[in-house]
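Undergrad: Here it is: the structure, laid out below.
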Amino acid sequence: MQKSFLQVYSDAFHRIPGWFTYDAALMFMAYNQLIAEDGISGDTLEIGVYYGLSAIAVATLRGPGRRMYAVDLFEELGPNEAYGVGRTYRERFEEHMLSFFGKLDFLSPITSASGKLKSSEFVPAFSFCHVDGGHSPRETFADLKFASDILMPGGLLALDDYFNPQHSGVCEGALEFRRRHEGVLRPVAIGYNKVLFQKLPAGRDLNAKFSRAFPAVERMPAADIWDAPVYLFGKPMRGYFDLNASKPERLVPFGAAGVVPKYVEANGMNVQNVVREIHARIEKEDGVESLPVRESAELTALRDAFGRLYQARNAVGRMPPGPNTIRAKLGKHLIRAVQRSLFWYTPQIVSFQNEASNALDCVCNLIAWQMERTAALEKDARKHSGELSAHSGELSELSGELSKLSLQLPLVRTTPAAVERIRDHEPDQEYARPLPNAFQFALQDRFRGSERETLEKLRPYLSEVETWKDSLPRAPWLDIACGRGEWLEAVGNTGYGVIGIDSNPVAVAHCRVKGLNAEETDALGYLRSLKSESLAVVTAFHAVEHWPMSYVLELMQEAVRVLQPDGLMIIETPNPANLLMGSFNFWKDPTHRRPIPPALLEFVYEYFGLRVVKRLDLNRSPQEERLPYDEIGVVHRLNESLYGPQDYGLIGRR
């Protein structure tokens with residue numbers, strides 16, 4: 001089956017660099033769908049497109065025959081680190097856009113600082129603007145002013161990093177915009193590092209429309225920002241929509257995390273009936289008898305209560321039946337007088353009855369869907385249990401055959417040296433030559449990620465070190481196996497003195513070109529040359545998995561010797577508790593020797609007198625890679641084993 005646009009776009013998040021999330025894209029599309037239904041459909045704009053990951057989504061939000069404007073510095077950003085020399089940012093951006101849209105006659109790239117743009121040069125016919133440019137207060141204010149000027153009334157504006165503490169200038173600039181231009185923008189939603197605004201004047205309540213269109217999408221209780229109630233979204237959105245049936249301009253509620261009510265229609269079809277028909281067809285083809293879904297007594301009682309409430313909801317305010325007598329006729333006139341006196345109150349009761357009926361209907365549908373799903377899981381479990389029983393006999397036979405063959409194998413005599421060589425995974429001397437230095441350095445570019453991405457991954461360590469800065473010794477830092485120098489660059493920007501060492505001359509030359517302090521030397525030999533208690537911090541990121549354990553132990557002993565009291569030892573290494581990492585991804589680097597479990601490395605710390613003060617579980621797989629139904633215990637454990645932290649870091653203190 002050919003993938004839909006949204007499914008292909010989801011796959012693109014694994015190959016196109018950027019800080020945008022798939023859930024933010026779905027939030028944009030959902031709200032854009034609502035304003036399009038009110039006739040608000042025009043051009044779109046993005047400030048700060050980078051490689052186009054978010055621009056692909058913004059381009060889909062434009063109206064029929066309308067344009068998308070992409071504002072960025074492009075070539076003025078400097079060298080293209082993520083893709084190497086020879087390809088500019090703009091070329092890569094247009095290449096990614098072309099892969100989704102086939103032709104770019106709708107696209108207008110603008111190479112300029114957004115602050116230089118004048119709204120008077122644009123027609124105010126934009127329905128959606130995404131602001132992800134500069135993060136200073138001045139830049140944010142200017143971007144909001146420009147975007148709000150070109151938006152049509154009721155159009156949407158998405159602002160990035162409003163609540164990001166590392167970019168406080170965004171919030172400061174936005175608040176200054178509100179102070180000077182109050183009543184221009186109204187916030188409607190917060191989620192996935194974005195704040196979504198609507199330009200005033202606007203028509204109907206957009207969030208009320210959202211609740212009616214997507215009732216199953218989970219959101220946190222409404223909060224106020226800028227004196228306006230907003231919806232808060234935290235959980236992944238993709239589980240609430242059928243990505244195969246959905247299009248960017250029309251999302252279809254469906255899937256594991258949401259309930260499809262019986263009245264939800266898509267393209268004229270009843271989704272529940274279609275799904276049930278598919279399930280019945282699959283069961284018929286598999287020859288598996290379907291388990292009957294027996295309604296519990298509690299659900300039956302709940303449905304009965306819903307029926308009584310539904311019948312009674314329209315009786316409020318109506319004349320009760322009565323006999324055809326004089327007393328009844330007099331009472332009828334009295335009741336009508338009371339009705340007229342309560343004209344302001346009766347509609348409220350009717351409205352409450354209607355909402356209560358709708359809520360109870362949704363609860364019944366939810367419970368019924370859960371019962372059907374449970375029955376389907378029980379059917380699958382019963383089927384697989386039979387298959388396991390059938391294969392258990394075959395396994396017993398194979399085990400017997402293996403035992404017979406093992407008795408027939410001749411004994412192999414090995415020398416102690418050969419056993420030691422096998423144990424340490426050491427090849428014959430003829431093939432023990434190290435890999436070329438340039439090859440090893442290129443491995444980092446391929447599998448470690450770009451230098452910018454790696455730098456971002458290392459920032460949590462700086463935050464942790466900051467918590468110890470008052471008691472941290474005033475002495476130099478040492479980074480072992482400094483590689484491309486990301487940690488040297490990060491530490492240097494904070495003002496600490498740091499030196500990097502690496503045995504690879506290509507890596508050292510790369511660091512020196514960037515103006516970083518790096519030396520080509522062996523780590524253990526360098527540590528032995530230092531005086532005792534001469535360093536404040538020793539770090540080794542993705543290094544220990546390359547060395548024999550005997551080398552690691554000697555290096556730890558020397559590192560503890562040269563650390564001053566209260567000094568820190570920081571090591572990061574792949575996490576073998578992640579099964580994909582331990583069994584597959586770890587071995588992409590042929591210089592890796594063996595993964596080191598966290599418990600073993602913690603023991604090494606403690607053995608040499610270091611106190612482990614923090615363990616960081618790092619670099620989880622993106623949410624879209626995880627298996628659905630994470631709320632089920634066994635699925636959650638499987639997700640953690642396959643898609644949990646790919647790396648871990650240990651911070652020890654002397």
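Undergrad: Can you give the Rg to Rh ratio for the stretch 523-605, taking only C-alpha atoms and Rh from Kirkwood?
TA: Reported Rg/Rh, Kirkwood definition of Rh: 1.01.
Undergrad: Same structure, new question: In what sequence do R138, R626, R448 fall when counting other Cβ within 10 Å, fewest first?
TA: R138, R448, R626
Undergrad: Sticking with this structure for a sec: Hey, what D do you get for the stretch 5-240 in µm²/s if you plug the Kirkwood alpha-carbon radius into Stokes-Einstein at 10 °C and 1.306 mPa s?
TA: Result for D is 88 µm²/s.
Undergrad: Now, a different point. Starting with the fewest neighbours, write out T60, T374 ranked by other beta-carbon atoms found within 10 Å of each beta-carbon.
TA: T374, T60
Undergrad: If you don't mind, another one. For a paramagnetic label modelled at 7 Å from the Cα of R452 toward its Cβ, which residues of the stretch 17-34 fall within the zone defined by backbone nitrogen distances under 11 Å?
TA: Hits in the stretch 17-34 for R452 at 11 Å: 17-19.
Undergrad: After finding the eigenvalues of the alpha carbon gyration tensor for the stretch 437-653, what semi-axes result from the square roots of 5 times each, listed largest first in whole Å?
TA: That gives 28, 20, 17 Å for the three semi-axes.
Read-outs throughout are calculated quantities, based only on the coordinates presented, and are distinct from any laboratory measurement. Keep in mind it's a predicted model, so treat the numbers as computed, not measured. Reconstructed Cβ throughout: ideal geometry from the backbone, glycine too, with neighbour counts over all protein chains shown.
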